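Readers should treat all values here as calculations from the given coordinates under stated rules, not as data from a laboratory. Just so we're clear, the structure is a prediction, and the values are computed from it rather than from any experiment. No Cβ is skipped: glycine too gets one built from the backbone with ideal geometry, and neighbour counts run over all protein chains shown.
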Amino acid sequence: MMFLFVMLLSRLIPLELIEDGSRFFISHMLLFFVPAVVKLVEYKSLLLSHGVGIMVTVLLGSVWVMFSVGFVVDKIYAFELRKKQEKSGESECS
Amino acid sequence: MFISFFCLFITVFLYIVFRKYYQKNPHFWNMPVLAVSCGLILFLQLTPISYDDYIFYNQWLIWFLGPVMVSFAVPLYRHRQMIKDHKLSLCIGVIVGVVMAVFSALFLARLFHLPLEMQKSLIVRSISTPFAMNVAHTIGGSPSQAAVFVVFAGLFGHLSGLIWIAVFNIRSHMAKGAMLGAASHGIGAAKAFEISGEAGVVASLVMMISGMLTMLLAPLIGLLFP
């Protein structure tokens with residue numbers, strides 16, 4: 001993926017060549033997960049016996065990720081804006 | 001042999017039907033990945049067809065997850081200007097998101113004494129499914145469990161994201177998008193697009209870059225499990 005990204009940036013591979021293909025794969029990617037999810041039939045008892053632990057881990061973990069990312073990015077975004085304003089302020093003065 | 005072929009046929013068929021249906025009624029409970037998987041699991045439970053028969057041809061579908069991951073280079077390339085403009089917020093958002101996702105899951109999963117394989121599948125829950133399955137496989141978790149936890153985390157963020165945005169008092173659209181993308185990948189990004197176009201693009205960028213970063217860090221993450 002990084003290789004392809006670099007190739008696109010350097011224009012060694014024209015975007016038009018792979019655009020349709022990539023759109024097809026991304027828009028239909030759900031189909032490719034399905035057989036993997038179906039494998040759950042083999043884990044049925046395991047998942048049922050640890051249901052509460054899984055729920056709490058996913059829910060609390062997600063809330064924690066949302067909080068930390070939201071908080072940090074909010075602060076940094078404000079910092080980025082301030083820096084931009086300072087820059088434009090300077091150029092107006094000069 | 002015939003049964004395996006029939007299983008491949010029915011998987012693709014159900015997918016096409018539910019995709020059409022979902023486009024008309026976009027509610028999360030008839031999302032193709034949820035509805036088709038549930039339908040097929042029921043089908044396998046009710047008929048004497050074994051999972052081995054089922055996967056015989058369907059493993060070719062799983063193989064396509066590789067090209068799917070590579071395809072993410074194109075949207076990344078298309079948004080390169082956005083990445084340039086907000087590189088600091090994006091970089092730090094992604095790093096915080098990935099580190100917090102791994103350690104929060106690790107801590108909680110150990111607290112509940114979940115089996116090792118399940119712990120490994122849980123720590124990849126917040127990145128996009130193709131990446132999550134790849135990383136789960138690399139560090140010795142179960143790709144299919146990972147896929148389910150990923151969908152679960154995605155739905156949770158999609159349904160409750162707005163509540164947490166209000167609770168944590170997050171103001172900028174940049175941060176709203178980043179938190180949804182970091183915690184709930186594509187399904188969260190769908191919610192972010194409802195907030196604003198900017199939040200949606202940020203969410204999908206954070207989701208893609210987090211997936212890549214986690215994949216690159218997979219050998220290090222493996223070291224967390226002695």
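Quick test of your reading of the structure: B:A218 fulfils all but one of (1) hydrophobic (A, V, I, L, M, F, W, C); (2) in contact with a Ser or Thr (Cβ under 7 Å, 6 or more places away or on another chain); (3) crowded, with 24+ Cβ neighbours inside 10 Å; (4) in a helix (DSSP H, G or I). Name the failing condition by number.
(3)
Output the residue which, of all residues in the stretch B:60-70 that are part of a helix (DSSP H, G or I) and within 7 Å of another protein chain (Cβ to nearest Cβ), is surrounded by the fewest Cβ atoms within 10 Å (Cβ to Cβ). Before you say what the answer is, go through the steps one by one.
Of all residues in the stretch B:60-70, those part of a helix (DSSP H, G or I) come to B:60-63, B:65-70.
Applying the additional criterion that residues be within 7 Å of another protein chain (Cβ to nearest Cβ) yields B:61-62, B:65, B:67-70.
Working: B:L61: 19, B:I62: 20, B:L65: 21, B:P67: 16, B:V68: 23, B:M69: 23, B:V70: 19.
Across the stretch B:60-70, the extreme among qualifying residues is B:P67.
Which one of these is under 26 Å from B:V124 (Cβ atoms), more than 7 Å from chain A (Cβ to nearest Cβ) and buried (at least 16 other Cβ atoms within 10 Å of the Cβ): B:A105, B:A73, B:A35, B:A109? Before you say what the answer is, go through the steps one by one.
Working: B:A105 fails: more than 7 Å from chain A (Cβ to nearest Cβ); B:A73 fails: more than 7 Å from chain A (Cβ to nearest Cβ); B:A109 fails: more than 7 Å from chain A (Cβ to nearest Cβ).
Residue meeting the stated conditions: B:A35.
Can you tell me which residue among B:L8, B:L76 is under 19 Å from A:E42 (Cα atoms) and in a helix (DSSP H, G or I)?
Of B:L8, B:L76, the one residue that is under 19 Å from A:E42 (Cα atoms) and in a helix (DSSP H, G or I) is B:L8.
Give the residue, chosen from B:K191, B:K120, that is without any contact (Cβ under 8 Å) to a residue 60 or more places away in the chain and buried (at least 24 other Cβ atoms within 10 Å of the Cβ).
Numbers: B:K120 fails: without any contact (Cβ under 8 Å) to a residue 60 or more places away in the chain.
Of the residues listed, the single one that is without any contact (Cβ under 8 Å) to a residue 60 or more places away in the chain and buried (at least 24 other Cβ atoms within 10 Å of the Cβ) is B:K191.
Quick one: which of B:R80, B:R19 is among the charged types (D, E, K, R), under 25 Å from B:L159 (Cβ atoms) and either out of contact with any Asp or Glu (no Cβ under 6 Å at 6 or more places or on another chain) or more than 10 Å from chain A (Cβ to nearest Cβ) (or both)? Before the answer, list the steps.
Working: B:R80 fails: under 25 Å from B:L159 (Cβ atoms).
It is B:R19.
Can you tell me which residues in the stretch B:120-144 are touching a Gly at 6+ places or on another chain (Cβ under 9 Å), farther than 24 Å from B:L205 by Cβ, assigned to a helix (DSSP H, G or I) and more than 9 Å from chain A (Cβ to nearest Cβ)?
B:K120, B:S121, B:I139
Regarding B:V68, is this residue β-branched (V, I, T) and more than 30 Å from B:I3 (Cα to Cα)? Steps first, answer last, please.
Numbers: β-branched (V, I, T): yes; more than 30 Å from B:I3 (Cα to Cα): no.
No; evaluated as a whole, the condition is false for this residue.
I'd like to check something: does the stretch B:41-55 contain any residue that is at the interface with another protein chain (Cβ under 8 Å from one of its Cβ atoms), at negative phi, assigned to a helix (DSSP H, G or I) and under 18 Å from the mean Cα position of the chain (by Cα)? Don't jump to the end; show me each part of the working.
If we filter the stretch B:41-55 for residues that are at the interface with another protein chain (Cβ under 8 Å from one of its Cβ atoms), which is where we start, we get B:41, B:44-45, B:51, B:54-55.
With at negative phi added as a condition, the list becomes B:41, B:44-45, B:51, B:54-55.
Adding the requirement that they be assigned to a helix (DSSP H, G or I) leaves B:41, B:44-45, B:51, B:54-55.
Narrowing the set further to residues that are under 18 Å from the mean Cα position of the chain (by Cα) leaves none.
No, the stretch B:41-55 contains no residue that is at the interface with another protein chain (Cβ under 8 Å from one of its Cβ atoms), at negative phi, assigned to a helix (DSSP H, G or I) and under 18 Å from the mean Cα position of the chain (by Cα).
Quick check on my filter: what residues within the stretch A:22-37 are part of a helix (DSSP H, G or I), more than 7 Å from every other protein chain (Cβ to nearest Cβ) and not hydrophobic (A, V, I, L, M, F, W, C)?
Residues of the stretch A:22-37 part of a helix (DSSP H, G or I): A:22-27, A:29-37.
When the remaining residues are screened for being more than 7 Å from every other protein chain (Cβ to nearest Cβ), the result is A:23-24, A:27.
Selection gives A:R23, A:S27.
Of the residues A:L47, A:L40, A:L15, A:L60, which single one is free of Cβ contacts under 8 Å to residues at least 40 places away in the same chain, under 20 Å from the mean Cα position of the chain (by Cα), within 8 Å of another protein chain (Cβ to nearest Cβ) and over 18 Å from B:M207 (Cα atoms)?
On the way: A:L47 fails: under 20 Å from the mean Cα position of the chain (by Cα); A:L40 fails: under 20 Å from the mean Cα position of the chain (by Cα); A:L15 fails: under 20 Å from the mean Cα position of the chain (by Cα).
The match here is A:L60.
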